Each structure stands twice: as structure tokens, then as C-alpha cells.
Amino acid sequence: MSSGESNAGIELSATESWELLRQADVGRLAVIVDERPEIFPVNFQVDHGSVVIRTALGTKFTGAVGHYVAFEVDGYDIDTGSAWSVVLKGEGLEVNRLYDVLEVIELPLFPWHTAPKSHFIRIEPHSVTGRRFEVSVDPGSTQAPAPTSRRAP
């Protein structure tokens with residue numbers, strides 16, 4: 001095992017972590033609501049060194065805006081047989097200044113749910129960490145792990 005590598009995998013640089021974030025379609029937003037953790041799958045866009053989410057008023061919005069949050073994305077690289085995980089921790093901020101709203105509304109950010117989602121949350125990161133690790137397949141299995149979604153190059 002080389003330095004930077006352990007049973008938990010190989011630590012990725014911030015640049016590598018951001019590149020993987022840009023390739024993903026879906027992430028998980030973790031917030032605290034009523035003193036309990038909640039996790040929500042969300043689609044997102046990387047924008048100016050932050051992550052932008054489009055949502056409605058509700059639990060995600062109130063749990064994120066003005067609070068510290070965690071955001072996680074993971075994936076599987078079919079070519080190398082390795083998996084990766086990136087975790088961003090930071091503050092959730094409502095995008096509400098006119099100039100900022102006009103900028104983020106142009107992002108290709110289209111929620112899957114059909115309900116109106118007229119609010120944007122920007123996660124300003126305090127830390128970004130990533131790991132890549134080899135995927136072990138059960139010796140009795142003839143199937144590789146199912147890949148997660150991955151954008152076309």
C-alpha cells in the first residue's frame with residue numbers, strides 16, 4: 001500500500017474530487033431537521049466552486065438554508081473497476097439576489113419531480129474530500145457491482 005492509500009481507499013485531491021462531482025447526475029443532501037439527520041437524493045450542478053440545487057420550500061430548503069450541510073456523490077468506473085465517493089461539507093445559502101438568481105436559472109438543472117421548484121440553494125464548501133477504492137466482488141458471484149449513473153464524456 002502506498003502513502004495516501006489504506007483500507008478506506010486512495011485519497012483524491014480537491015481537483016480530482018471536483019472533476020468527479022461534475023460528472024455525476026445525482027447526489028445526496030444531508031441536513032439536520034428537528035435534531036435528526038435527514039438525507040435527500042437531489043440532482044445538482046457544480047457552479048463557481050459550489051454546488052447548486054433547485055428545490056421547493058419544504059424540509060430540504062429549511063434544513064439547508066443558513067445551516068451546515070453535507071453533500072455526497074459516488075460512482076463506479078466501469079473501465080477501472082473502481083468506485084469513488086466525494087463528500088462536500090459547507091453552508092447552505094439561499095440564492096435570492098437578483099443577479100445570482102438570473103445566473104443560476106441558466107444552469108441546466110432540471111429536477112425530476114414535476115412539482116414547481118422555484119428556489120435555489122448554493123452549498124458553499126468548507127471542505128471537499130474524495131476517495132477512490134477497488135470494488136471487491138463476492139468470489140461466488142459472476143456479476144460485477146451495478147454501476148451508478150454516469151454522464152457521457
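Within segment 62-85, the residues that satisfy the criterion of being under 29 Å from R36 (Cα atoms) and not small (G, A, S) are T62, V65, H67, Y68, V69, F71, E72, V73, D74, W84.
For F133, indicate whether it is modelled with pLDDT of 85 or more and farther than 29 Å from V33 by Cα. Yes, satisfied. Residues of segment 29-85 that are in contact (Cβ under 8 Å) with a residue 12 or more places away in the chain, over 22 Å from E11 (Cα atoms) and among the charged types (D, E, K, R): E38, D47, R54, K60.
Within segment 6-15, is even one residue assigned to a helix (DSSP H, G or I), closer than 13 Å to R131 by Cα, in contact (Cβ under 8 Å) with a residue 40 or more places away in the chain and of a type outside the set (S, T, N, Q)? Talk me through it step by step, then tell me what you get.
Going through segment 6-15, the residues assigned to a helix (DSSP H, G or I) turn out to be 14-15.
After this cut, where a residue has to be closer than 13 Å to R131 by Cα as well, the list is 14-15.
Right, trim to in contact (Cβ under 8 Å) with a residue 40 or more places away in the chain and you get 14.
Remaining after also requiring of a type outside the set (S, T, N, Q): 14.
Checked segment 6-15: at least one residue is assigned to a helix (DSSP H, G or I), closer than 13 Å to R131 by Cα, in contact (Cβ under 8 Å) with a residue 40 or more places away in the chain and of a type outside the set (S, T, N, Q).
Looking at segment 89-97, is at least one residue crowded, with 19+ Cβ neighbours inside 10 Å, under 14 Å from the mean Cα position of the chain (by Cα) and within 30 Å of G9 (Cβ to Cβ)? Yes, segment 89-97 contains at least one residue that is crowded, with 19+ Cβ neighbours inside 10 Å, under 14 Å from the mean Cα position of the chain (by Cα) and within 30 Å of G9 (Cβ to Cβ).
The values are calculated or read from the model by the stated rules, or taken from the named source; none is laboratory data. Fair warning: this is a prediction, and the values are worked out from it, not measured in the lab. Reconstructed Cβ throughout: ideal geometry from the backbone, glycine too, with neighbour counts over all protein chains shown.
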